[in-house]
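The values are calculated or read from the model by the stated rules, or taken from the named source; none is laboratory data. Bear in mind that the values here come from a model prediction, so they are computed numbers and not experimental data. All Cβ positions, glycine included, derive from the backbone under ideal geometry; neighbour counts span all protein chains shown. Surface accessibility is based on the protein's heavy atoms, side chains included, excluding ligands, DNA and RNA. Shrake-Rupley method; radii C 1.70, N 1.55, O 1.52, S 1.80 Å.
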Amino acid sequence: NKGKYEHYMQKEIHEQPESLTTTMRGRLIRGGSCKAKSVLLGGLKDHLKTIRRSRRVVFIGCGTSYNAALAARPILEELSGVPVTMEIASDLVDRQGPIYREDTAVFVSQSGETADTLQALEYALENGALCVGITNTVGSIIARNTHCGVHINAGCEIGVASTKAYTSQIVVMAMVALAIGGDTISNQARREAIIDGLFDLPKKVREVLKLDQEMRDLAKLLIAEQSLLVFGRGYNYATALEGALKVKEVALMHSEGILAGEMKHGPLALVDENLPIVVIATRDGCFSKQQSVIQQLHARKGRLIVMCSRGDAASVCPGGSCRVIEVPQVEDCLQPVVNIVPLQLLAYHLTVLRGFNVDQPRNLAKSVTTQ
Ligand code: UD1
Ligand code: F6R
């Protein structure tokens, strides 16, 4: 049932404040006079010790689920102190890459049925790793075959392009990072800031959804383009990949997410006055580096669309020469949840304006159960 919406993708984008609330329900403890703020993940609590002791955590997934894990990687590294590596499921299987008994392998999958991810799970089970699922579908094969895990509880996702599952996956993985990290004096302030940020996140996502009309206007400008580049780094490298994936899969426009640190190693050659480029430059430890990326793109007359924190338009946009998307600022590791929303809206409107099928893009299926 699409309710007041025309398409499932549109409905699922707009219901993210609610889906995120459901994802966190019963799992965040607000704390109080004698109780610390904390996280309780029923599905992981008996396994936290093993995960903390593992030699590394390896995230495994495909498409949007892989991107969600990439967004959560920095905070897991920071809070757990355990090395975190990333594997695209099919590539791990193709290489028969190393997975050991001392590893924790985390399988991220909305459907819980993706053939490549399932095959990687079978491989990791054979190799003796602790296998953890982050899934949306209760009773799915990946949820059943993992040793333990967390349901993201985002509700049924019908649009082929994953939207609300992505933001819920990131939130669950941030909570996993908090759970694995445990309470130490040295990280207490950081933990509390993240937990407060999680409580506030649905409200911030509701705010960023107000950019709907602005994103429609931007889509009108981009309707006839051949290509769109998206530059991000740090916490928002994943946002660049995921934004570009949305644009290509539904709007059927070539789009590429690029790690901004790689700009001078090739992509800069593409920049001219015609190619539109989104640069994600919200406030975090990488902000000044992104400012310098913007200056260099600007010097090559790049057509820039800059996503920045509210109030930062003047400091990111030299001489008012670019289009700016201002978003609410949240705790740095949660910013990808906010930043993806305008790009989801942009992909949605581009698709509708270009006259393509939003909910069932050509050649794609909701769950990819064949290889
Ligand atoms: C569980 C209940 C929830 C109830 C809550 C009350 C289910 C599905 N969940 O939620 O309805 O409100 O207790 O405390 O009954 N798991 C995997 N792999 C996965 C995902 C999950 O093995 O990919 C396992 C978990 O380790 C856990 C079980 O499935 O044993 C349920 O996981 P989850 O729904 O996340 O647990 P709770 O949040 O505790
Ligand atoms: C993109 C998309 C796909 C899926 C991928 C993995 O919007 O939906 O890239 O993310 O097929 O699917 P799951 O998460 O079900 O394993």
Discussion item. Can you tell me the length gained on complete extension of the stretch residue 301 to residue 86, counting 0.36 nm per residue apart and subtracting the Cα distance?
Written reply: 73.9 nm
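Just how large is the dipole of the range 1-107 about the Cα centre, in debye to the nearest 20, putting +1 at every Lys and Arg Cβ and -1 at every Asp and Glu Cβ? If you can, show how the numbers build up before the last one.
Working: 17 positive and 12 negative charges, 132 e Å.
Charge dipole, the range 1-107, about its Cα centre: 640 debye, nearest 20.
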Worksheet item: So what are the radius of gyration and Dmax for the Cα set of the range 1-62, in Å?
Response: 17.7, 49
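Using a 1.4 angstrom probe on the protein heavy atoms only, could you order 216, 233 from most to least accessible area? Write out the running numbers ahead of the final one.
Working: 216 75, 233 40 Å².
Largest accessible area first, the residues go 216, 233.
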Worksheet item: Hey, which lysines would be in cross-link range of residue 289, C-alpha to C-alpha under 17 Å, not counting anything within fewer than 8 residues on its own chain?
Response: 264
Item to complete: Please report, to one decimal in angstroms, the Kirkwood hydrodynamic radius of the range 1-106 built from all distinct Cα-Cα pairs.
Response: 16.7
Worksheet item: Could you list, bin by bin from short to long, the percent of Cα-Cα pairs of the range 74-138 in 5 Å steps?
Response: 4, 17, 27, 26, 17, 9, 0
Worksheet item: What residues of the range 137-170 lie in the reach of a label at residue 262, counting those whose backbone N is under 20 Å from a point 7 Å from the Cα along Cα→Cβ?
Response: none
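Could you please put 88, 325, 29 in sequence from largest to smallest accessible area, using a 1.4 Å probe?
On the way: 88 80, 325 5, 29 45 Å².
The most accessible residue leads, giving 88, 29, 325.
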Worksheet, complete the sentence: Length-normalised contact order of the range 1-156, Cα under 8 Å, at least 6 apart, in percent, tallies to 21
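Suppose we keep just the DSSP beta bridges with both residues in the chain; what percent of those would be antiparallel, to 5?
Working: 2 of 42 bridges.
Beta bridges within the chain, antiparallel portion: roughly 5 percent.
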Response to the item:
For the chain, using Cα atoms only, the Rg and Dmax in Å read 19.9, 59
Worksheet item: What are the DSSP H helices in the chain that stretch 20 Å or more along their long axis, judged by alpha-carbon atoms, and whose average Kyte-Doolittle hydropathy comes to at least 0.0?
Response: 63-80, 164-181, 237-251, 335-354
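When only Cα pairs under 8 Å and 6 or more residues apart are kept, what is the percent relative contact order across the chain? List each step's numbers first, then the result.
Numbers: 730 pairs, mean separation 72.1, N = 371.
Result for the chain is 19 percent.
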Worksheet, complete the sentence: Net charge (Lys, Arg +1; Asp, Glu -1) of residues whose beta-carbon lies under 15 Å from that of residue 330, residue 330 excluded, is -3
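Dividing the alpha-carbon radius of gyration of the range 148-234 by 2.2 N^0.38 Å (N being the number of residues), what value is obtained?
1.45
With all protein chains present and a 1.4 Å probe, how do 225, 12, 113 order by accessible area, largest first?
Numbers: 225 45, 12 0, 113 85 Å².
Correct descending sequence by accessible area is 113, 225, 12.
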Worksheet, complete the sentence: Computed over the range 242-371, the distribution of all Cα-Cα distances in 10 Å bins, rounded to whole %, is 12, 38, 34, 14, 2, 0
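Loop-only check: which GluC sites (Glu not before Pro) in the range 67-108 are DSSP coil with at most 13 other Cβ within 10 angstrom? List each step's numbers first, then the result.
Details: sites: 77, 78, 87, 102; in loops: 102.
Qualifying residues, ordered by number: 102.
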